[in-house]
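Please read the structure below before turning to the comments.
The values are calculated or read from the model by the stated rules, or taken from the named source; none is laboratory data. No experiment lies behind these values; they were computed from the predicted model shown. Note that each Cβ is placed from the backbone with ideal geometry, even for glycine, and that neighbours are counted across all protein chains shown. Accessible surface is based on the protein model in full, side chains and every heavy atom, while ligands, DNA and RNA are left aside. Shrake-Rupley method; radii C 1.70, N 1.55, O 1.52, S 1.80 Å.
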Amino acid sequence: MILETFPVGPLACNCTLMGDEEAGDAIVIDPGDEVGRIHRRLTELGLKLKQILVTHAHIDHVGGALKLKKLTGASIFLNENDLPLLKMMDSQAAWLGVQAPETASPDESLTDGLAVGLDRYPAKAIHTPGHTQGSICLHFASMKLLAAGDTLFAGSIGRTDLPGGDFDQIIDSLHSRILALPDETRVLPGHGPGTTIGEERRSNPFLQIQGREN
Ligand SMILES: [Zn+2]
């Protein structure tokens, strides 16, 4: 299998390309920017892109999705609760002082429990609101791998001070959904180095905080 994660764009969003060289297909997670580079890599590897999976609608994660779709014909998956953020692309671009990328509504909502990914490398979406209302993580259970978007980082968690953010909610999401995963699960965060669930359970200061009572 092919699994490549590389930072794209000025905010260094981790873009992940996962491919099955036997089947000749691939998925891309969070093509925030540098679509030419992502597309070149798919071409070099001879892989047909099946799905564009977006963990949330912040510009640094979703910015290149439509361009990549136009180049490859792949469908875009994004949780519907982030549609308001997607419609705010002009303001998001203004925060960064960059030009707003063209966006379009996703082809399918990346709802909780939705099965996505490749035949041999399937994933399930886990809705983890808090960083944004539509934030999701992708769990590749058979590979013991989690693409966490901006919900969980090595030693930190996603910021909750932007529109749609909610600190209590991200803490709840982490405790109820993410810490339920086995310790050996490798985590690919939306920014920065990789980690594991076990390492974060032990040492991430934010995971020592209990969520609100439900
Ligand atoms: Zn974000």
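A few notes on this one:
- Only one of the listed residues (35, 62, 28, 54) is under 18 Å from the mean Cα position of the chain (by Cα), of a type outside the set (D, E, K, R), buried (at least 20 other Cβ atoms within 10 Å of the Cβ) and farther than 24 Å from residue 115 by Cβ. That residue is 35.
- Conditions (1) open to solvent by 50 Å² or more (accessible area, probe 1.4 Å); (2) in contact (Cβ under 8 Å) with a residue 24 or more places away in the chain; number of the one not met by residue 43: (2)
- The residues of region 150-190 that are of a type in the set (Asp, Glu) and open to solvent by 30 Å² or more (accessible area, probe 1.4 Å), listed by number, are 161, 166, 168, 183, 184.
- Of the residues making up region 68-75, not a single one is surrounded by 15 or more Cβ atoms within 10 Å (Cβ to Cβ), within 14 Å of the ligand (Cβ to nearest atom) and of a type in the set (D, E, K, R).
- Check on residue 139, outside any loop (DSSP other than H, G, I, E, B), in contact with a Leu (Cβ under 6 Å, 6 or more places away or on another chain) and either open to solvent by 40 Å² or more (accessible area, probe 1.4 Å) or within 23 Å of residue 17 (Cβ to Cβ) (or both): yes
- Single residue of region 144-197 satisfying the filter (more than 26 Å from residue 33 (Cβ to Cβ) and free of Cβ contacts under 8 Å to residues at least 24 places away in the same chain) that is farthest from the ligand (Cβ to nearest atom): 183
- So residue 43, is it at pLDDT below 95 and either of a type in the set (Phe, Trp, Tyr) or on the phi < 0 side of the Ramachandran plot (or both): no
- Test: residue in region 103-122 that is in a helix (DSSP H, G or I) and either at positive phi or open to solvent by less than 50 Å² (accessible area, probe 1.4 Å) (or both): no
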